[in-house]
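Chemist: One structure is given below, represented as structure tokens, and several questions about it will come after.
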Amino acid sequence: MDFQAVIDSLPRYAEPLLVTIQVTVASAALALLVAFALGLMTSSKHLVVRTPARVVVEFFRGSSVVVQLFWFAIAMPVILGIQFDYAIAAAIIALALNYGSYSSEVVRSAIASVPKGQLEACTALNFTPIQRMRLVILPQAWPEMIPSLCSFAIMLLKASALVSLISVTDITRMATLIGGQGGGVNQLPHLALILVIYFVLAWLIWNGMRALERKAKRGVGIDAKLPKNRAIDAPAAAAGGGGAA
């Protein structure tokens, strides 16, 4: 394998890498908005609010993200006359709707996990629905959402490689273009390079979300770190209880 050729071609990966990061960040931000909107709607007690949201969630979760990409990039301009100026915009919207629909279940379940006593206290204090959601429910539900949202963010990063199917030049497409020169014999080193790049980006997302989770838990008075003596004290206590028996 000619790794020298890969090193020489590194400057050509700068712009595609920026495209991959832009698609991931923009899709994740939009997906978070979609997730909260659909999650709150599916948590509603009103059938007229809950039913349309459930239909949207099941539609995007039940259909292929690849088909959705082609639909937004190719089918919508032909059938509905909706033309995106850039293919990257269609890719961002398609990925955001797909992963936002999946993440909406994380939002819904986290909201449902808030103890009913907290809601009863809000009623006793005469909180409005907005105050109840902003001051009580979301601060407690948010730390529970972060681990699952982290997984979806990493999945979204990996799914960003699919934008190469609609001719968006990301690092995956650049690797196939450069590696495909000369009959494709030099493609393996370039694929190894983007494998490392995706791993580094996923590692950065994971660490960032872990830091966000610790901050969110501290905000509601939860210590995110396990005390060092807890793992020792528990078996010791169990052994002591067994001896007493």
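Chemist: Only one of 35, 75 is in contact (Cβ under 8 Å) with a residue 40 or more places away in the chain, at negative phi and not basic (Lys, Arg); which? Give the steps one after another, and end with the answer.
Modeler: Values: 75 fails: in contact (Cβ under 8 Å) with a residue 40 or more places away in the chain.
Checking each option against the conditions leaves just 35.
Chemist: Which residues, taken from the stretch 90-139, are hydroxyl-bearing (Ser, Thr, Tyr) and in a helix (DSSP H, G or I)? Spell out how you get there, then give the answer.
Modeler: Let us first name the residues in the stretch 90-139 that are hydroxyl-bearing (Ser, Thr, Tyr), namely 99, 101-104, 109, 113, 123, 128.
Result: 99, 101, 102, 103, 104, 109, 123.
Residues checked against (1) touching a residue at least 12 places away in the same chain (Cβ under 8 Å); (2) within 23 Å of residue 130 (Cβ to Cβ); (3) not polar (S, T, N, Q):
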| site | (1), (2), (3) |
| --- | --- |
| 43 | yes, yes, no |
| 52 | no, yes, yes |
| 69 | yes, no, yes |
| 91 | yes, no, yes |
| 106 | yes, yes, yes |
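Yes or no, residue by residue, for (1) of a type outside the set (Val, Ile, Thr); (2) assigned to a helix (DSSP H, G or I); (3) modelled with pLDDT of 90 or more:
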{"residue": "168", "(1), (2), (3)": "no, no, no"}
{"residue": "191", "(1), (2), (3)": "yes, yes, no"}
{"residue": "203", "(1), (2), (3)": "yes, yes, yes"}
{"residue": "211", "(1), (2), (3)": "yes, yes, yes"}
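Chemist: Tell me whether the stretch 111-126 contains one or more residues that are in contact (Cβ under 8 Å) with a residue 40 or more places away in the chain, of a type outside the set (Val, Ile, Thr) and over 15 Å from residue 39 (Cβ atoms).
Modeler: Filtering the stretch 111-126 down to residues in contact (Cβ under 8 Å) with a residue 40 or more places away in the chain leaves 111-112.
Narrowing further to those that are of a type outside the set (Val, Ile, Thr): 112.
Still in the list and also over 15 Å from residue 39 (Cβ atoms): none.
Checked the stretch 111-126: no residue is in contact (Cβ under 8 Å) with a residue 40 or more places away in the chain, of a type outside the set (Val, Ile, Thr) and over 15 Å from residue 39 (Cβ atoms).
Chemist: Would you point out the residue of the stretch 27-56, among those that are surrounded by fewer than 18 Cβ atoms within 10 Å (Cβ to Cβ) and small (Gly, Ala, Ser), that is farthest from residue 146 (Cα to Cα)?
Modeler: So, considering only residues that are surrounded by fewer than 18 Cβ atoms within 10 Å (Cβ to Cβ) and small (Gly, Ala, Ser), the one farthest from residue 146 (Cα to Cα) is 44.
The values are calculated or read from the model by the stated rules, or taken from the named source; none is laboratory data. Being a predicted model, the structure only gives us computed values, none of them experimental. FYI the Cβ positions are ideal-geometry reconstructions off the backbone, even for glycines, and counts take in every protein chain you see.
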